[in-house]
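Working notes for the structure below.
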Amino acid sequence: MKNRLKTGILALMAIALSFTACNEDDPMTPVDDSRYMQEDQMGRPAINTVFVNAGDKDNFNTTEPSKQGAAYADKFNDKLLALNPAYTTNALGLDAATFTSVLATDVLTVSTEGKTTFFDGTNVLTGRALADDVISVELLLIFGGPEGTGNPGLTDDNVDANDKAFLNTFPYLATPH
């Protein structure tokens, strides 16, 4: 009897609180966005690391993606041609200026239809599956030339799989060691 009375009182208190906790007349307190600061961007792994000069890292990482292309495409183009002076086009058919304008906007594009992959020879930048070999794809696009077969020693990181199998259910990441 005592337990039922306690449970009943707690239930009534919870109901009363639910009616009094929210009031449509209460002004909403805005969030103070000045407390938060963008520190890093890494939509495409290694691109930021390789193409952004050390002196530009903080600026790049805090620049809105919609403004990165205009601010960094020329610098990315210079870096690409320094890394691969023989660059003409890549396996996507992109010349240096077009390729680096894509790279300079550090966002991971995602297709809402079809296969999700970084690059599989047919589908390009439609997202990223956990098992995608992103670094090898980026090396191939930088050094592989129009057919993707140039500079074979520079087009693969030779790491073909994760060290542990990914899960088939959420959260999909491999279990920790």
Check off (1) within 16 Å of F143 (Cα to Cα); (2) at pLDDT 90 or above; (3) touching a helix residue (DSSP H, G or I) at 6+ places or on another chain (Cβ under 7 Å) for T88 and give me the number that stays unchecked.
(3)
Residues in the stretch 131-161 that are surrounded by fewer than 17 Cβ atoms within 10 Å (Cβ to Cβ) and over 20 Å from T49 (Cα atoms) total 9
Candidate set from the stretch 116-170 (those that are over 18 Å from R44 (Cα atoms) and hydroxyl-bearing (S, T, Y)); member that is modelled with the lowest pLDDT
T122
Of the residues N123, N77, which single one is under 22 Å from the mean Cα position of the chain (by Cα), closer than 30 Å to L173 by Cα and not aliphatic (A, V, I, L, M)?
N123
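The values are calculated or read from the model by the stated rules, or taken from the named source; none is laboratory data. Remember, predicted model here, so these are calculated numbers, not experimental data. Quick reminder, even Gly has a Cβ in these numbers, built from the backbone with ideal geometry, and neighbours come from all protein chains shown.
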